[in-house]
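The values are calculated or read from the model by the stated rules, or taken from the named source; none is laboratory data. Quick caveat, the model's predicted, so the values are computed rather than measured. No Cβ is skipped: glycine too gets one built from the backbone with ideal geometry, and neighbour counts run over all protein chains shown. Remember, those area values only see protein heavy atoms, side chains included, never the ligands or the DNA or RNA. Shrake-Rupley method; radii C 1.70, N 1.55, O 1.52, S 1.80 Å.
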Amino acid sequence: MLTRNCLSLLLWILFDGGLLTPLQPQPQQTLGTEPRENVIHLPGRRSHFQRVKRGWVWNQFFVLEEYMGSEPQYVGKLHSDLDKGEGTVKYTLSGDGAGTVFTIDETTGDIHAIRSLDREEKPFYTLRAQAVDIETRKPLEPESEFIIKVQDINDNEPKFLDGPYVASVPEMSPVGAYVLQVKATDADDPTYGNSARVVYSILQGQPYFSIDPKTGIIRTALPNMDREVKEQYQVLIQAKDMGGQLGGLAGTTVVNITLSDVNDNPPRFPKSIFHLKVPESSPVGSAIGRIRAVDPDFGQNAEIEYNIVPGDGGNLFDIVTDEDTQEGVIKLKKPLDFETKKAYTFKVEASNLHLDHRFHSAGPFKDTATVKISVLDVDEPPIFSKPLYTMEVYEDTPVGTIIGAVTAQDLDVGSSAVRYFIDWKSDGDSYFTIDGTEGTIATNELLDRESTAQYNFSIIASKVSNPLLTSKVNILINVLDVNEFPPEISVPYETAVCENAKPGQIIQIVSAADRDLSPAGQQFSFRLSPEATIKPNFTVRDFRNNTAGIETRRNGYSRRQQELYFLPVVIEDSSYPVQSSTNTMTIRVCRCDSDGTILSCNVEAIFLPVGLSTGALIAILLCIVILLAIVVLYVALRRQRKKDTLMTSKEDIRDNVIHYDDEGGGEEDTQAFDIGALRNPTAVEENKIRRDIKPDSLCLPRQRPPVEDSTDIRDFIHQRLQEHDLDPAAPPYDSLATFAYEGAGSLAGSLSSIDSLATDADQDYDYLADWGPRFKVLADMFGEEESYNPDKVT
């Protein structure tokens, strides 16, 4: 209560002294006369021009949190200067918690808290109070605002919001080394009392660590804590409010502290001597054993490097570190041989890669051990005396000739005999044989260097005591050449000489080739054949470097006299026995300009005028070609025109009617049509399609022209009629054909009107009905005609 009144007094001093100025003119504040009550006096109505004193007290109310009483908790009292105690004034309350948390007596102005409050949930409430005339319901004075604060009690214990904690500190750290800082939070009011004042302490973890009571910093309490002795520590920290006094609330958390490793321990071999047994057949590069030095440190501080100390047998072995197990892996650098040496001894040194200079005083961070290796005897295959055998043999050497030998030995204790044989996969053609006991190699076939100059195959040696143990060696046989082929001109040359060539001029450089394997320094010689040395037109100059030149001996050559010259050239080699060959070179005479450039080598060019150039020759040739083309085109057009005339005559459906407007020339007149086709009926193509035309039905007066029987035409028509009746491809209608041949053999006689009788009695066309359906139209036309007036044919 005393604290509450002191706070009210302080607020009054601030407002009354002008430190705090309200938003509107405020009446004079007066403290309540009763020290046991909190009273707020509300101002009454004043004249606008009257100076008055403050008539109300600006105050704060306090209410105790977590109140558990049976009656509502009394907070304070509102009072207006206009309230005379007559019951005409009514007090109202609004704002935070009005009606739900706080209530007011409308007559007396007493304020009560009707529920328990929690400061941590809401520390204060802002409310507004007003005095109203009970009759008129009008406010007697302006509304006033005040605050009700919830007074804190110690109802919350400290809490470690970040716990549990994990920390680490290097091992071997000095006393007081920083580890971690913890912090506890108390939800109580830190400005009121000691409810939020926290003190830290260690409940578990001593004497290794300590904590600062105020700051919560954890430090080491013992020196030289060794990770290899104990690595993990669990420390229990307590935070207590009320300054650690009796009755304060406390919270705890766990801090897991790990000692991090430092390189404070050197590697140590668990024993001073390591014994290893290795078979002599172990391949080079293989691992033959492992040794290990122990380092109690962790991580990179435990990484170990192994080295072989120079000494006995150290050059035969190597050692590397297995990164996963930190073991030293001993590997073989050179092959072992039990028969040569049976045991090796050397030393291995193990040391740390990452050193900590703070611990150098503890001693050297390395250790040494001795490694003894015993070589075990293994039944091995025989060993050849050489890794590769090279032999030589002349071609055409007789079959069965020995050209060399191989040797293999069994070096094991109690050596066994060795047998030899050729690997058939490498010598499938069996050019060579080998003696299985002696190892001598002989030819099995005649060799030809020009066919195969070198042979490469393998020989296998096996032990008689254990045939499965074999070894292999390569044999290289070079076939030496025997001079059996003569040299020849390397390529065919196209040699030309100018007509205006001078004596001593080189017109061609020739070289030679020999199918034999020419040894170093072999030379070819060139010369003319003896029969060509008599009055030669050309000669051969040997340059003594395996080439020669063709040299002219005359002053000028003429193509008109001789176009080609044949020069026999003899070529010899320098091998033994000497081989030679005669090669004939063809030399063509050509026309050249003054500089020696060849213009033409053709025979036809000889007969051309000398003064014509190449352009003029081309122009003449073009003119000839154009004239030939014109002639061919003219002949083709004439033939085409004649063919069109004949085709038009044959395709005209009316070509069987001939009009004579003048006196013709008889059979000698052949301008109207080609009579040759009728005179040679067999010339007509057998498979030519017949161009029959279906005649139109004509209503003509029946005429019976007087005709005289013509045996030739009748036979001809009868022959054609039979052909048409037997032809399956003939159209099923009558056809009109032109018959200009006066022949015999037609049963119908002549159809011509020439020499026809003048009376109808001489003409009888009833026989047309007997000729078949093909002549039905003719029978209808002439069979019903009663009278006929012959026309004069001109």
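So the values come out like this:
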| item | result |
| --- | --- |
| Cα shape, segment 359-414, gyration tensor, a/c 1.5 rule | oblate |
| Rg(Cα)/(2.2 N^0.38 Å) for segment 430-588, N = residue count | 1.69 |
| Cα gyration tensor, segment 397-464 - rounded (a/c under 1.5), prolate or oblate | prolate |
| Shape box of segment 183-226 [Cα atoms, principal axes, largest first, Å] | 46, 15, 13 |
| Potential extension, Glu723-Leu599 segment - 0.36 nm per residue separation minus Cα distance | 37.4 nm |
| Karplus 3J(HN,Hα) series, Hz, for segment 566-580 with 6.51 cos²θ - 1.76 cosθ + 1.60 (x for Gly, Pro) | 10, 10, x, 10, 9, 10, 10, 9, 10, 7, 10, x, 5, 10, 9 |
| Coordinate range along principal axes, alpha carbons of segment 512-583, Å, largest first | 47, 20, 19 |
| Extension gain, Asp337 back to Arg554 (0.36 nm per residue minus Cα-Cα distance, nm) | 69.8 nm |
| Cα convex hull volume per residue for segment 147-240 (Å³) | 95 |
| Rg over Rh, two decimals, segment 337-385 (C-alpha only, Kirkwood Rh) | 1.35 |
| Reference-scaled alpha-carbon Rg (2.2 N^0.38 Å with N residues) for segment 220-362 | 1.73 |
| Accessible surface of segment 102-168, 1.4 Å probe, proportion on carbon and sulfur as whole % | 47 |
| Asn546 long-range amide H proximity, modeled H, under 5 Å | Phe524 |
| Cα centroid separation, segment 114-173 to segment 220-268 (Å) | 38 |
| Fraction of accessible area attributable to carbon and sulfur, segment 323-372 (%, probe 1.4 Å) | 50 |
| Nearest-0.05 FRET efficiency for Thr108 and Lys214, computed from C-beta distance (R0 51 Å) | 0.55 |
| Rounded FRET efficiency, nearest 0.05, which uses the C-beta distance separating Thr437 from Asp377 and R0 of 22 Å | 0.25 |
| Label-to-label distance, nm, for residues given as Glu450 and Leu637 (7 Å Cα→Cβ offset) | 6.8 |
| Radius of gyration and Dmax over the Cα atoms of segment 274-344, both given in Å | 13.7, 45 |
| Exposure ranking of Lys90, Lys138 by accessible area [1.4 Å probe, largest first] | Lys138, Lys90 |
| Accessible area of segment 431-532 divided out per residue, in Å², using a probe of 1.4 angstrom | 50 |
| Radius 13 Å from Cβ of Arg137, net charge of other residues (Lys, Arg +1; Asp, Glu -1) | -1 |
| Pairwise FRET efficiency - Glu120 versus Val166, Cβ, R0 = 25 Å, nearest 0.05 | 0.25 |
| Table column - 3J(HN,Hα) (Hz), segment 341-347, Karplus curve with 6.51, -1.76, 1.60, x for Gly and Pro | 8, 9, 8, 9, 9, 8, 10 |
| Per principal axis, descending, Cα span of segment 80-119 in whole Å | 37, 15, 14 |
| Long pairs among Lys149/Lys214; Lys277/Lys334; Lys334/Lys386; Lys271/Lys372, criterion Cα-Cα beyond 24 Å | Lys149/Lys214 |
